[in-house]
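A short worksheet on the structure shown next.
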């Protein structure tokens, strides 16, 4: 069929849309094919409406593959990959995003891997590597020599994931952490600010005990250019877990308490006094350690619990004033005591949280769910034992000393 030099409206089969055809061309129907053959002039297929809404051209009976004009997005949508066969994409711009507090950058995770965008505020382009946004045009950033001021914590336990906080200067979006000789996982590297980085580190069983360097690499500029910076800044070690109530570790000096593996609870003997308690274990002097436990009420009680749970360099009596470092569960509030002196009023606490007392480099930290709530000003390097003293109702379970 030949159509010359006029406008014709063409309806084909059950097509919803109509086409306006301009110019001289031949229309030929061959089985499932529709062929347009022009005479050298321009040929146009026009869906003639400025308010057409979403218009979709489907391929295949399942209607899973299509090319759509999406009026809501004011953009074309392809249902599948587009292969240009090695040809150039001309005059193209990647997605522009104005990154502000009210318009944050997109999420970057495994589902967004490979996504690109241009930050209109920073004037840089970024690609998602499946975990974080990495700047593409890194050559536009002058590389600076970073400097590490501090790392916390400095002790890493084999097979345990620890979030490390690194503070210093000159940290950049392209910064990378290198630990020479390390075997394990380094993940969730986050640039908090030019002066702070957080990263999760998990040494595996192939990691040898000992001191390791931290190297921050800014595209070839490293903190080790500062003599000694970051050298042997962390220690990785295998640990010993001491759990009371086992064959290897017995409860000691118990009075008016019910004890079992990893648990100690005061007996309800009608005496409202510090006449209940127990201890176990001995951490060697000058050794780093952590005490972990979960507080718990005895059956049938949910308030009016009073008890000190902590560590001591000895266990002379049931007098809580002798406890060196302790959590004091004072009914519904939590307080911290050191040598009979209250050093912190924490307030309301959660009975299901995990509580820790950690000694690292002779400094004692009080931790709840991996968050430090207080750092002691009293240094500690002596041997230590677990020490608990109760008045009534509240005890502890999941007790463990690790050193």
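Only the coordinates and a few stated rules stand behind these numbers; no lab work does. Please read these numbers as outputs of a predicted model, since none were measured by experiment. Cβ: placed from backbone, ideal geometry, glycine included. Neighbour counts: every protein chain shown.
A few remarks follow.
- Shape call, the stretch 147-237: gyration tensor on alpha carbons, a/c limit 1.5: prolate
- Protection-proxy order for peptides 247-253, 387-393, each taking the mean of Cβ atoms within 10 Å per residue, highest first: 387-393, 247-253
- Shape category assigned to the chain from the gyration tensor of Cα positions, a/c cut at 1.5: prolate
- Stretched out straight at 0.36 nm per residue, the stretch from residue 81 to residue 45 would grow longer than its current Cα-Cα span by 10.5 nm.
- Take every pair of alpha-carbon atoms less than 8 Å apart whose residues are at least six positions apart; their mean separation over the length of the stretch 73-213 yields a relative contact order of 16 percent.
- Gain in span if fully extended, residue 97 to residue 235, counting 0.36 nm per residue against the direct Cα distance: 45.5 nm
- Tensor-based shape of the stretch 248-378 (alpha-carbon gyration tensor, a/c under 1.5 rounded, otherwise prolate or oblate): oblate
- Contact order relative to length of the chain, as percent, for alpha carbon pairs under 8 angstrom and 6 or more apart: 11 percent
- Relative packing of 362-373, 229-240, which averages over residues the other C-beta atoms within 10 Å, highest first: 229-240, 362-373
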